[in-house]
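Notes to accompany the following structure.
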Amino acid sequence: MSPKYEASIDDRIYEVDVKTLDEGGLLIVKIGEQSYSIKTTQNEDGTWTANDTTSDYTIDIVKRTGSKIELEINGEQRVLEWGRKRSQDTIAPTTTSSKSGPKEEGGVYPPMPGKITEVHVEVGTEVSSGETVCILEAMKMFNELKSPKDGIVKEVNIKQGSMVTPTDLLILIE
């Protein structure tokens, strides 16, 4: 089962489902009731190219602030706001699940499977609540994972390139 998202573009809200078909960047993106096959590649200049089998779209991420992303798509400015769609049976991140076990207080866990692209702390680093401690790439999006509290980093269980799942304790802050 793939995660579901809600995305808002130009004040219109869409339900979005993204499935990765291979490591080469082929995605099946379902927006509402329509599905699209999209091939994504990152260009040398840091922009992305997305091809939907009929056209190429050049995408530049201009600015990221929380769940809001300013994009330039083929030269046209767009603002995308997105978030994971929560169902009523979604387990809160601080509870215990029979599959994942208890989450440690002060632990940083990824919200979805992905690859760590940056680690900003090491054991002994003093951090503030809300400070970015690492970056997770998932579904070609970069997510800032933040410290849940003020404290000192006691464990760093990842390095750049680590593949992680939501049950993995990435960083422990005490």
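Bear in mind these aren't lab numbers, they're just calculated from the coordinates by the rules spelled out. What you see is a predicted model, and the numbers here were worked out from it, not measured in a lab. For neighbour counting, all protein chains shown are included, and Cβ atoms are generated from backbone atoms with ideal geometry for every residue, glycine included.
Using the scaling law 2.2 N^0.38 Å as the reference, what is the normalised Cα Rg of the chain? All intermediate terms of the calculation are to be shown ahead of the outcome.
Values: Rg = 17.4 Å, N = 174, 2.2 N^0.38 = 15.6 Å.
Relative to the 2.2 N^0.38 Å estimate, the chain comes out at 1.11.
Under the 0.36 nm per residue contour assumption, what length would be gained going from the current alpha-carbon distance of LYS159 and THR125 to full extension?
Residue separation times 0.36 nm, minus the Cα-Cα distance, leaves 10.7 nm.
Could you calculate the FRET efficiency of ASP10 with LYS146 from 1/(1 + (r/R0)^6), where r is the beta carbon distance between them and R0 is 30 Å, rounded to 0.05?
Here the calculated transfer efficiency is 0.60.
So which aspartates and glutamates pass the test for LYS159, namely a Cα distance under 16 Å, with those fewer than 8 places away in the same chain ruled out?
Qualifying aspartates and glutamates at Cα under 16 Å: GLU118, GLU122, GLU137, GLU144, ASP168.
Could you tally up the Lys pairs in region 4-84 with alpha carbons closer than 12 Å? Skip any pair fewer than 8 positions apart unless they're on separate chains.
Number of lysine pairs found: 4.
Ratio of Rg to Rh for region 107-173, alpha carbon only, Kirkwood?
Dividing the radius of gyration by the Kirkwood radius yields 0.93.
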